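Reviewing the structure listed below.
Read-outs: derived from the displayed coordinates by stated rules, not from any lab. Keep in mind that this is a model prediction, so the values were computed, not measured. Heads up, the Cβs are rebuilt from the backbone with ideal geometry, glycines too, and the neighbour counts pull from every protein chain shown.
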């Protein structure tokens, strides 16, 4: 059971960029010090400094591989994950080189999550049509695997072409760092199952019932394809722990509600900017987020409470969904005071994690 902390690397209201970096590094240090298994970094582009005015929590996580390299030099045991690297936005050979280099710097502590992102703003900023995202993702993932495991490779695809390239260094981990595919829509879960891919799933933007249905589709496709076992899924979700139930529910309330209202608006804008090409599933998800009240969020999307309450809910989720691990999102919306944020992570590590081991 992998237990990690997922950092969105928020910049606090009226806080400086320097303070945002320092807080992210301090949370990573705390994760290692408290004996958790991993610290994972989001990749968020163009998360504007004007914060919730544009529906996006300000973030410094535009270059997670660089952040991860910094974390690798200041930690010794904790695994470092990327959640997730947006493959359609990068050159596959360059990414293969950088990931392999980071794998050596961390001495084999790297986990690579990969995905596409459902938000068109990242693609617009890089001048890449969102309609190309799926094909670019597939090309990039194929090239990464070959570049790490073959001495020389050539590739002639729709978006990438090269001859006789040798990626050096090869990864520290053999055959390469663990790769975990982000899945969020009806079509991606069965595809991941057929391919035998490990999964990274977020519960916050999807209610738990929807996540359960998707994981069943993933496991059905996994078994139909003849893969051994039942697949491998890690669930990321907002978790907040406090000494009393009242504190656990009230302290993160404002930031959480604002975050989900902003997320709903982002889904709508992404669909409009992409010419209405986003799936009806994502449109429906936006509607659900826009109209959900805090009590509904607590029931379907969040795990907030005392150590006992949180442990009980996570154990039930682990068993019901047959999960391989959890990534806790400890500061959804980026508004929880720093001392209470660190206290929550410490309580999770000391009083919740033992129940999940």
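Average projected area of the Cα convex hull of segment 64-197, in nm²?
8.4
Beyond 18 Å, what percent of the Cα pairs of segment 18-134 remain?
54
So, in nm, how far is label residue 1 from label residue 29 when the simple model puts each one 7 Å beyond its Cα toward the Cβ?
2.9
In what order do 184, 13 fall by count of nearby beta-carbon atoms within 10 Å, going from fewest to most?
Arranged by neighbour count, lowest to highest, 184, 13 become 13, 184.
May I ask you to sort 232, 319 by Cβ crowding, counting other Cβ atoms within 10 Å and putting the fewest first?
Result, fewest neighbours first: 319, 232.
Can you give the angle from 0 to 90° between the axis of helix 64-74 and the longest principal axis of the chain, with both taken from C-alpha atoms, to the nearest 10?
Roughly 70 degrees between the two axes.
Taking the simple approach of a point 7 Å from Cα along Cα-to-Cβ for both residue 149 and residue 13, what is their distance in nm?
4.9
Helix 17-33 versus the longest principal axis of the chain: what angle, 0 to 90°, nearest 10, using Cα atoms?
90
Given contacts defined as C-alpha pairs under 8 Å and at least six residues apart, what's the relative contact order of the chain, whole-number percent?
19 percent.
For segment 201-264, compute Rg over Rh where Rg is the Cα radius of gyration and Rh is the Kirkwood radius from the inverse mean 1/r over Cα pairs. Mind showing how you got there, number by number?
Numbers: Rg = 16.4 Å, Rh = 14.3 Å.
My calculation puts Rg/Rh at 1.15.
Obtain the nm distance between the two label points defined at residue 46 and residue 73 by a simple spin-label model: each point lies 7 Å from its Cα along the Cα-to-C-beta direction.
3.1
At a Förster radius of 35 Å, what calculated FRET efficiency corresponds to the Cβ-Cβ distance of residue 220 and residue 299, to the nearest 0.05?
E(calc), rounded to 0.05, equals 0.85.
Compute the helix-to-body angle for 92-105: its Cα long axis versus the longest principal axis of the chain, expressed 0 to 90° and rounded to tens.
Helix 92-105 and the main axis of the chain meet at about 60 degrees.
How high is the relative contact order of segment 110-250, in percent, with contacts defined as C-alpha pairs under 8 Å that are six or more residues apart? List each step's numbers first, then the result.
Numbers: 167 pairs, mean separation 27.6, N = 141.
Rounded, it is 20 percent for segment 110-250.
For the chain, what size does the Cα cloud have along each of its three principal axes, sorted from largest down, in whole Å?
61, 46, 46
Can you give the three extents of the C-alpha atoms in segment 291-348 along their principal axes, from longest to shortest, in whole Å?
Here the Cα extents, ordered largest to smallest, are 33, 32, 19 Å.
For a footprinting-style exposure proxy, rank 220, 214 by other Cβ within 10 Å, fewest first.
220, 214
Kindly state, to the nearest 0.05, the FRET efficiency for residue 135 paired with residue 339, given R0 = 51 Å and r defined as their beta-carbon distance.
That gives a FRET efficiency of 0.65.
Between residue 290 and residue 66, what's the calculated FRET efficiency when r is the beta-carbon distance and R0 is 35 Å? Round to 0.05.
E(calc), rounded to 0.05, equals 0.50.
Could you tell me the convex hull volume per residue, in Å³, taken over the Cα atoms of segment 115-163?
Values: hull volume 3.9 nm³, N = 49.
Expressed per residue, the convex hull around the Cα atoms of segment 115-163 is 79 Å³.
May I ask for the equivalent-ellipsoid semi-axes of segment 127-206, computed as the square root of five times each C-alpha gyration tensor eigenvalue and listed largest first in whole Å?
Semi-axes from the Cα gyration tensor: 26, 18, 10 Å.
Expected output is a single nm value to one decimal: the length gained when fully extending between residue 158 and residue 21, i.e. 0.36 nm times separation in residues minus the C-alpha distance. What is it?
45.5 nm
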